[in-house]
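First comes the structure, then the notes that go with it.
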Protein chains: 2
Amino acid sequence: MSPPGRSEGESLSAQREGSPDSVPGWLDEVAFDERGLVPVIAQDAVTARVLMVAWANREALAETLASGRAVYWSRSRARLWRKGEESGHVQQVREIRLDCDGDVVLYAVEQQGGIACHTGRASCFFRRLQDGRWQTIDPVLEDPELVYRK
Amino acid sequence: MSPPGRSEGESLSAQREGSPDSVPGWLDEVAFDERGLVPVIAQDAVTARVLMVAWANREALAETLASGRAVYWSRSRARLWRKGEESGHVQQVREIRLDCDGDVVLYAVEQQGGIACHTGRASCFFRRLQDGRWQTIDPVLEDPELVYRK
């Protein structure tokens, strides 16, 4: 996605006004892997930071489009993961993109609470390679113990 | 990564001034999959667009750090892929990030030629879901036939 993304005020709902019949069509163009999953990049629609990468199956993508909230597939729990269901850190999805090979999806999101990572940081990509090691350079914005106690 | 990234003038070389002994250390913290690969997101350090996703093995990451140019592992060719080796669309790597689980890497790059995608577009994420289908919304900047004839 381009950082400015869609013009402001234009919502994802505008993107789902096609006929319901067409829904399976777009899902069929996604190249899910042998597990039926596709990696999804969540990028902040405002700051343009890459926030996280997770997985989605057909159901997760369909629900994301229908609800306008980012839904993933949790491999560890083997169930749909509606981002923010425990932390409150919901992601409102402004647009959904697909790459040239059809095997990576990108959600442009508005990150509620400004925290995408389970460590309480804005982004999961908080470590930068420097002087031969990974250095944590982003602050914890909220104690994750408190986040998940909500 | 944060879009402004490292301060201008600060190069990746500053990030590799650690002792050479420490190089295996950072690679050991990357959670490669059973094939020895990790997905890599290339994000434009200037525009903050997500440009592409490819794979890297240990050697690709090590060479990226050493050379300052984005190197991937081509699964189809089963060899190192020095981005731009055919197209000329080299990616200068400004920083390398790792996510919280250690299983996704992010290169913040300066994309030479402004084209990352083999279709001749700026980004591989040139399709947006709209009206129930994937719509191509980014222009072809250069005929790919010409790009690969260089």
Nonlocal amide H pairs with residue A:55, under 5 Å, H built at 1.01 Å: A:40, A:73
Which distances in nm, rounded to one decimal and ordered from shortest, link the label point of residue A:28 to the equivalent label points in the other identical copies, with labels set 7 Å from Cα toward Cβ? 5.1
If you take each beta carbon of peptide B:95-107 and count the beta carbons of other chains within 10 angstrom, what is the mean? 6
Per residue of segment B:69-74, what does 6.51 cos²θ - 1.76 cosθ + 1.60 with θ = phi - 60° give for ³J(HN,Hα)? Whole Hz please, x for Gly and Pro, Karplus curve as stated. 10, 5, 10, 10, 10, 7
Taking the rotation axis that maps chain B onto chain A, which residue of B brings its Cβ closest to that axis, and at what distance in whole Å? B:48, 2
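At a probe radius of 1.4 Å, figure out the B/A buried accessible area, summed over both chains, and give it in Å² to the nearest 100.
Values: alone 8600 and 8620 Å², together 13110 Å².
Counting protein atoms only, the buried area is about 4100 Å².
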Provide an ascending nm list, one decimal, of label-point separations from residue B:110 to the equivalent residue in each further copy; define each label point as 7 Å from Cα along Cα→Cβ. 3.5
Shape of segment B:67-106 from its Cα gyration tensor (a ≥ b ≥ c, root eigenvalues): rounded if a/c is under 1.5, otherwise prolate when a/b > b/c, or oblate? oblate
For residue B:123, other-chain or 5+-apart residues with amide H closer than 5 Å (H placed, Pro excluded) are B:116, B:117
Mind running the shape call on segment A:34-88? Use the C-alpha gyration tensor, a ≥ b ≥ c as the square roots of the eigenvalues: rounded below 1.5 for a/c, prolate if a/b tops b/c, oblate otherwise. prolate
How far apart, in nanometres, would the label points at residue A:34 and residue B:142 be if each is projected 7 angstrom from Cα along the Cα-to-Cβ direction? 3.7 nm
Could you pull out every residue, at least 5 positions away or on a different chain, whose amide H is within less than 5 Å of the one on residue B:69? Hs are placed 1.01 Å off N in the peptide plane, and Pro or chain starts have none. B:93
Is segment B:53-150 best put as rounded, prolate or oblate by its Cα gyration tensor, with a ≥ b ≥ c the root eigenvalues, rounded for a/c under 1.5, and otherwise prolate when a/b is larger than b/c, oblate when not? oblate
Hey, for residue A:86 with labels 7 Å out along Cα-Cβ, what do the inter-copy distances come to in nm, ordered shortest first? 4.5
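The values are calculated or read from the model by the stated rules, or taken from the named source; none is laboratory data. Because the structure is predicted, anything quoted here is derived from the model rather than measured. A quick note on method: Cβ atoms are made from the backbone with ideal geometry, for glycine too, and the neighbour counts reach across all protein chains shown. Accessible surface is based on the protein model in full, side chains and every heavy atom, while ligands, DNA and RNA are left aside. Shrake-Rupley method; radii C 1.70, N 1.55, O 1.52, S 1.80 Å.
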